[in-house]
């Protein structure tokens, strides 16, 4: 089963785009970067997907897929400063 990510314009109260087949399990984290227009999604399938929310079609928006390795990278680390 492919899980979908729906992008809404909350100011207008309408769905803007649907990103299909980006994950194979429940999507549990989403982050939008307003300067780049990129949407980052993470799911139970251990994937982080980077989408271009500016693309006119959601099915052509996938930029990168990163698989989370077994080893936690940077888990529990703190930024200096």
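The values are calculated or read from the model by the stated rules, or taken from the named source; none is laboratory data. Quick caveat, the model's predicted, so the values are computed rather than measured. Cβ atoms come from the backbone with ideal geometry, glycine included; neighbour counts cover every protein chain shown.
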Which count do you get for residues in the stretch 1-26 that are on the phi > 0 side of the Ramachandran plot and in a strand (DSSP E or B)? 1
When the stretch 1-15 is examined, which residues are found to be exposed (fewer than 12 other Cβ atoms within 10 Å of the Cβ) and in contact with a strand residue (DSSP E or B) (Cβ under 8 Å, 6 or more places away or on another chain)? 2, 8, 9, 14, 15
The stretch 27-57, residues that are exposed (fewer than 11 other Cβ atoms within 10 Å of the Cβ), modelled with pLDDT of 90 or more, touching a strand residue (DSSP E or B) at 6+ places or on another chain (Cβ under 9 Å) and not in a strand (DSSP E or B): none
Kindly provide the set of residues from the stretch 58-81 that are in a loop (DSSP other than H, G, I, E, B), more than 14 Å from residue 38 (Cα to Cα) and modelled with pLDDT of 65 or more, ordered by number. 68, 69
